[in-house]
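J.: This is the structure I have questions about; it appears just below.
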Amino acid sequence: MYAVEFQAPIENGVVHIPKEYKDLLSNTKATFIAMYDSVNNNDTIDNKTQKQLDEFDRLVEQSDNKVTATMELATNIDDMVLDGIL
């Protein structure tokens, strides 16, 4: 298996592969790992996801537990990479 790394726009679920990797287009199967920055507040969130987020916020407000972790802390793997864990 070969690996290449590139940045590409994703539009409506379609990844635009750069021209220098056009030989990838002839392969019938590839494995993709997407790494992206957290969602900007300007990005749209679908209705179902927004309802889930609203429900989560409602439940947190009713809870005696304090939220001590954020999505950034939960998904940031930089420290694990630097520590040699990943």
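Rule-based calculations on the coordinates, nothing more; no lab input. This one's a predicted model, so the numbers in the text were calculated from it and none came from an experiment. Note that each Cβ is placed from the backbone with ideal geometry, even for glycine, and that neighbours are counted across all protein chains shown.
J.: Karplus couplings for region 49-59 from phi (6.51 cos²θ - 1.76 cosθ + 1.60, θ = phi - 60°), rounded to Hz, Gly and Pro as x?
T.: Once rounded to whole Hz, the list reads 5, 4, 5, 5, 5, 5, 5, 4, 4, 4, 5.
J.: With each pseudo-label sitting 7 Å past Cα toward Cβ, what's the Asn12-Asp46 distance in nm, one decimal?
T.: Using points 7 Å along Cα→Cβ, the separation is 1.5 nm.
J.: Using a Förster distance of 41 Å, how high is the FRET efficiency between Asp37 and Asp64, based on the Cβ-Cβ distance and rounded to 0.05?
T.: E(calc), rounded to 0.05, equals 0.80.
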